[in-house]
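Structure, as structure tokens:
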Amino acid sequence: MQKWHPEAPARLDEINDRLLASGVSPCLRHLDAPNASDVDVLRVHTPEYLAYLKEHVPREGYFSIDNEETSMNPHTLRAAYSAAGAGILAIDEIMAGHALNAFCAVRPPGHHAERGRAMGFCFFNNLAIAARYAIEKFKLKRIAVIDFDVHHGNGTEDIFKNDPHIVMCSFFQYPLYPNCGIANVASNMFNTPVPAFTKSDVIRNIVQNKWLPVLEDFKPEMVLISAGFDAHREDEMGQMDLVEKDYEWITKQLMEVAKRHSQGRIISFLEGGYSLSALGRSVTAHIKALASL
């Protein structure tokens with residue numbers, strides 16, 4: 001991405017700095033992600049789309065995919081392969097019993113990437129690639145996808161609509177980019193659009209009264225989270241009113257579901273979150289909840 005772009009390396013730097021400053025980092029096991037393979041990517045993306053990305057990696061400068069907000073530099077595609085590989089590594093670690101849950105601090109994010117289209121800073125759908133890998137390699141039959149980004153996870157919905165292995169629960173500000181998620185919603189998608197300036201009590205009510213009954217009925221074998229932190233009140237990408245305590249609370253609710261049905265197995269993927277201080281604080285609260293710290 002370009003230097004002015006909000007989806008910047010400083011996001012991961014802020015997360016790492018906050019984890020260190022809070023004393024959380026030494027309590028965690030840190031792993032470097034391998035690259036996903038083309039086989040992994042092609043479980044969710046079309047061959048034509050992957051070929052298009054490879055053909056348009058610039059030697060220098062930037063290539064615009066759909067606008068200046070989603071563009072590739074010479075290193076972007078390599079970073080996208082690594083971001084997707086993080087989820088695959090997390091699946092392997094958890095299914096081998098080496099970890100109970102995981103947070104994938106990755107960029108570029110993934111939940112706007114559709115089967116054949118990059119958009120919204122996203123190139124590969126990291127969560128979807130991991131989910132398909134888990135279904136194929138470990139024969140999981142029920143995976144719950146949770147998306148609490150301020151923007152609708154249109155790419156994940158595009159990939160998983162009507163998939164019997166998946167239920168997806170989300171809230172998102174509407175109207176707001178990408179201005180979808182309210183029409184022709186598939187039966188396995190449980191979308192809750194909310195207006196600008198929605199406060200935490202409304203979101204907690206959605207989780208308790210809409211998400212949790214769906215998850216209890218589905219009994220997921222694994223929970224995957226698209227963890228966007230741009231619904232924070234300090235983030236100018238949206239106009240919602242969440243704070244760190246809300247992300248901690250949501251995480252704990254999902255952990256209880258995972259304890260009952262998924263042997264505690266949760267993998268969380270970084271999506272949005274562009275106010276650096278709020279992002280660092282929110283991710284730290286999220287990870288502390290996952291690690292029971």
Checklist entry - Somewhere in the stretch 95-103, is a residue within 19 Å of ASP158 (Cα to Cα) and either surrounded by 20 or more Cβ atoms within 10 Å (Cβ to Cβ) or at pLDDT 95 or above (or both)? => result no
Checklist entry - Do we have any residue at all in the stretch 145-166 that's within 20 Å of VAL39 (Cα to Cα) and part of a strand (DSSP E or B)? => result no
Checklist entry - So VAL185 clears everything in (1) under 23 Å from ILE250 (Cβ atoms); (2) under 16 Å from the mean Cα position of the chain (by Cα) except one condition, right? Which one? => result (2)
Item to check | Residue ID - modelled with the lowest pLDDT, chosen from residues in the stretch 32-76 that are hydrophobic (A, V, I, L, M, F, W, C) and under 18 Å from the mean Cα position of the chain (by Cα) | outcome: ALA33
Checklist outcome for this item: Filter the stretch 6-57 for residues that are in a loop (DSSP other than H, G, I, E, B) and touching a Lys or Arg at 6+ places or on another chain (Cβ under 7 Å); the one that is nearest to ALA291 (Cα to Cα) is VAL24
Item to check | Given (1) farther than 18 Å from ALA33 by Cβ; (2) of a type outside the set (Val, Ile, Thr); (3) in contact with a helix residue (DSSP H, G or I) (Cβ under 9 Å, 6 or more places away or on another chain); (4) surrounded by 23 or more Cβ atoms within 10 Å (Cβ to Cβ), index of the condition LYS141 fails | outcome: (4)
Next on the checklist: Looking only at residues that are among the hydrophobic types (A, V, I, L, M, F, W, C) and within 15 Å of GLY87 (Cα to Cα) in the stretch 1-38, which one is surrounded by the fewest Cβ atoms within 10 Å (Cβ to Cβ)?
Outcome noted: LEU31
Checklist entry - Is at least one residue of the stretch 91-111 part of a loop (DSSP other than H, G, I, E, B), within 18 Å of VAL44 (Cβ to Cβ) and of a type in the set (Lys, Arg)? => result no
Checklist entry - Out of curiosity, is PRO195 over 13 Å from ALA144 (Cα atoms), surrounded by fewer than 20 Cβ atoms within 10 Å (Cβ to Cβ) and under 19 Å from the mean Cα position of the chain (by Cα)? => result no
Checklist entry - Say we look at the stretch 209-240 and pick out the residues that are within 26 Å of LEU140 (Cβ to Cβ) and either more than 20 Å from the chain's Cα centre (by Cα) or of a type in the set (Lys, Arg) (or both); which of these is surrounded by the fewest Cβ atoms within 10 Å (Cβ to Cβ)? => result ASP217
Checklist entry - Which of (1) in contact with a strand residue (DSSP E or B) (Cβ under 8 Å, 6 or more places away or on another chain); (2) buried (at least 19 other Cβ atoms within 10 Å of the Cβ); (3) closer than 30 Å to VAL257 by Cβ does VAL41 not meet, given it meets every other one? => result (1)
Next on the checklist: ILE225 - would you say it is touching a residue at least 60 places away in the same chain (Cβ under 8 Å) and assigned to a helix (DSSP H, G or I)?
Outcome noted: no
Item to check | Pair list, Cβ < 9 Å and 6+ apart or interchain, from the stretch 28-57 residues that are in contact (Cβ under 8 Å) with a residue 12 or more places away in the chain and over 20 Å from ALA99 (Cα atoms) to residues that are among the acidic types (Asp, Glu) and assigned to a helix (DSSP H, G or I) | outcome: ARG43/GLU136; LEU50/ASP38
Checklist entry - Take the residues of the stretch 160-189 that are out of contact with any strand residue (DSSP E or B) (no Cβ under 7 Å at 6 or more places or on another chain) and more than 27 Å from SER282 (Cα to Cα): which is surrounded by the most Cβ atoms within 10 Å (Cβ to Cβ)? => result ASP163
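The values are calculated or read from the model by the stated rules, or taken from the named source; none is laboratory data. Everything quoted here is computed from the prediction, not taken from an experiment. Reconstructed Cβ throughout: ideal geometry from the backbone, glycine too, with neighbour counts over all protein chains shown.
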